[in-house]
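Taken together, the values in this text are just the output of simple stated rules run on the coordinates, not laboratory data. Quantities reported herein were computed from a predicted structural model and do not represent experimental measurements. Neighbour counts run over all protein chains shown; Cβ positions are idealised from the backbone, glycine included.
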Amino acid sequence: MNYDVLKKEVALPQYAGKSDDEVAAMLNTPQFPAIKSRFINARSVLSEISDSAAILDKLEVAATEISAVKWAMMFLQQDDGINIGDPATQAQLDELAEGGILTEDEATALKNMALQNISRAEQLGLGSVNYNDVNSIR
C-alpha cells in the first residue's frame, strides 16, 4: 500500500466528512471503465457481439494470409481463448481495422470485450483499500 498516494487522494474534497469505512467503500467501488486482461474464445464473441459470425468469418479469411491472425484464430477456437485485453492484441485489432480487414466498429466491439469497471483504488495502483488503511493516514 502506497500511503502517500492514498493520503493525497483522501485529501480531495469528495472524501471530506466521510467516515473511514465510507472512504474505503468509495475507493473500492468499481466505476471507471478500463481495458483489463480477459480471455475470450469464439463462443464469447458469438454471445456478446452482434454480427459476430461475420467478424469471425473475416478473421478466418485474414488468417490465410496473416500469421498473427492465424495464431489468434487458433487460440479463439480453444476453451482458454486469447487475452483480448493484452496491448498487443488490442494493437493488432487496430491494424486490422486500418488495413480494412475489419471495420472500425468491429475492431472496437472486440476491443471493448476487455472493458471492465475498476475502482479508484485500482486506478491509483493501491489495490483494495480498507478501513485501517484510511484510518492510518488521517
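Mind counting the residues in the stretch 128-138 that are surrounded by 13 or more Cβ atoms within 10 Å (Cβ to Cβ) and assigned to a loop (DSSP other than H, G, I, E, B)?
So the answer is 2.
Restricting to the stretch 93-126, and then to whatever is polar (S, T, N, Q) and without any contact (Cβ under 8 Å) to a residue 24 or more places away in the chain, can you tell me which residue is surrounded by the most Cβ atoms within 10 Å (Cβ to Cβ)?
Just the residues of the stretch 93-126 that are polar (S, T, N, Q), to begin with: 103, 108, 112, 116-117, 119, 123.
Imposing the further condition that a residue be without any contact (Cβ under 8 Å) to a residue 24 or more places away in the chain reduces the set to 103, 108, 112.
Numbers: THR103: 15, THR108: 13, ASN112: 13.
Per the criteria, the residue is THR103.
Do the conditions hold for LEU102, that is, is it within 22 Å of the chain's Cα centre (by Cα) and in a helix (DSSP H, G or I)?
Criteria not met by LEU102.
Kindly provide the set of residues from the stretch 51-69 that are under 12 Å from GLY99 (Cβ atoms) and β-branched (Val, Ile, Thr), ordered by number.
ILE66, VAL69
Find the residue count for the stretch 111-125, including only residues that are touching an Asp or Glu at 6+ places or on another chain (Cβ under 8 Å) and part of a loop (DSSP other than H, G, I, E, B).
Of the residues in that region, 2 qualify.
Which residue out of THR89, THR108 is touching a strand residue (DSSP E or B) at 6+ places or on another chain (Cβ under 9 Å) and either within 30 Å of ALA25 (Cα to Cα) or not in a loop (DSSP other than H, G, I, E, B) (or both)? First the steps, then the outcome.
On the way: THR108 fails: touching a strand residue (DSSP E or B) at 6+ places or on another chain (Cβ under 9 Å).
After applying the criteria, what remains is THR89.
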